[in-house]
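The values are calculated or read from the model by the stated rules, or taken from the named source; none is laboratory data. Bear in mind the structure is a predicted one, so any value in this text is a computation, not a measurement. Cβ: placed from backbone, ideal geometry, glycine included. Neighbour counts: every protein chain shown. Just so you know, the surface numbers come from the protein's heavy atoms only, side chains and all, with ligands and any DNA or RNA stripped out. Shrake-Rupley method; radii C 1.70, N 1.55, O 1.52, S 1.80 Å.
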Amino acid sequence: GLIFSLGVLPYMFIPIAALRQTPINWDNPVNIQNFIRLITRADYGTFTAADFILGSNLKQKFAQLANLFLFIKGDFGWLGLFILAGFFRIFTKYRQLFWFTSLAIVFSGPFFLVYSGFPFPNNFYISLWERFLLTTYFFLTVFLAFGLLPVFDFFVSVLSRKLKPFGLKKLSTSLLVTVLSTIMIAYLIASNYDKTNLSQFHLGDWVGNDILTSASSDSVVFVFGDTSVFNTQYVYYTNFKPKGIKLIKGGSLYAKEYREQVAREYPQLKIPENFYSETKRDSGEFVVALIEQNNEVFEIYTIDFAPEID
């Protein structure tokens, strides 16, 4: 029970953060209904990446499984053989660990990829799909470690015999092999650091800044799509002096919780009728209603969306 509680502990942070009414607050999970909606990604749909994306058919889902194994083969290379070796080693010696790790791989890998149903029309969607492999890779390293264990024992045995005349015991030899392995890991980290270090990568900041600085002060800015929304929100809530700009995620206006947040965060806005309606409607309807109510009071800017109004 304690171990299970530790496993779900990260989820417990979600309602705590939501109760603080933070600016970025998906689904407002302050109650059981909203909490379940969030962790089951109900807003995106079942067996599809999102309700606005055409879900993948059965043939494409098999292709996703094939892609999973191709990515594992490409990323692990010849080390994948040790993953297979570890698979059989754990199965024969540590049956409980085998089933735990295997189920974790199945649910975080094949099951989730089929459930989420990401299509592959272009490189952008492939990159979205690819990041979900990281959890699977984490559990694969358990098999990898057990697969490499005989190699470790072999080197310890050989070096023990070679170094025995110098007075080194088997424990000392094990420590020596461990240090050498650690040096190899450190080398891999150092050699790949330039590829993974994004501390000087500011393209997202520039996108957000360009959008916000293009708007006049005391205006309304609607943003749509992940690239525009996430980068602009980050800049807006961290290091941008907003000059009275009211930043609104147009695509999220379908949710009553977000509409309430907009009204609470920007009391200067004129709120249209039925803005707090429980009925879920197309976000575009609320965008148009907000614009029509406020276009004589504020300058209004939008990106990636052109409402059908004068």
Using a 10 Å Cβ count of at most 12 others and DSSP loop calls, identify the longest part of the chain lacking such chymotrypsin sites (Phe, Trp or Tyr not before Pro).
-> 53-200
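Using only alpha carbon pairs under 8 Å that are at least six residues apart, calculate the relative contact order of the chain and give it in whole percent.
Worked out over the chain, it gives 13 percent.
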For the chain, the longest stretch holding no trypsin sites (Lys or Arg not before Pro) located in a DSSP loop with at most 10 other Cβ atoms within 10 Å is which?
-> 132-279
Of Lys249/Lys270; Lys246/Lys270; Lys243/Lys270; Lys195/Lys249, which pairs sit farther than 22 Å apart, going by alpha carbon to alpha carbon?
-> Lys195/Lys249
Mind pulling the angle between the C-alpha long axis of helix 133-163 and the longest principal axis of the chain? Nearest 10 degrees, somewhere in 0 to 90.
-> 20
Tell me, what % of the accessible area of the chain is carbon and sulfur with a 1.4 angstrom probe?
-> 66
Express in whole angstrom the spacing between the alpha-carbon centres of the stretch 1-20 and the stretch 178-209.
-> 30
Between Tyr301 and residues 5 or more places away or on another chain, which pairs have amide H atoms under 5 Å apart, with H built 1.01 Å from N, and which residues are they?
-> Val220, Val221, Phe222
Once you've got the GNM for the chain with C-alpha springs shorter than 10 Å, pick whichever of Gly74, Gly147, Gly204 has the biggest mean-square fluctuation.
-> Gly74
Roughly how many whole Å is it from the C-alpha centroid of the stretch 99-168 to that of the stretch 256-278?
-> 47
Helix 226-238 axis, angle to the chain major axis (alpha carbon atoms, nearest 10°) | 80
Accessible solvent surface per residue of the stretch 1-148, calculated while the other protein chains remain in place, 1.4 angstrom probe, Å² | 65
Expressed as an acute angle from 0 to 90° and rounded to the nearest 10, what is the orientation of the C-alpha long axis of helix 2-19 relative to the principal long axis of the chain?
-> 20
Taking GluC sites (Glu not before Pro) that fall in a DSSP loop and have at most 10 other Cβ atoms within 10 Å as cut points, what is the longest piece of the chain between them?
-> 1-272
Could you give the nm distance between label points at Lys195 and Val179, where each point is 7 Å from its Cα heading toward the beta carbon?
-> 2.9
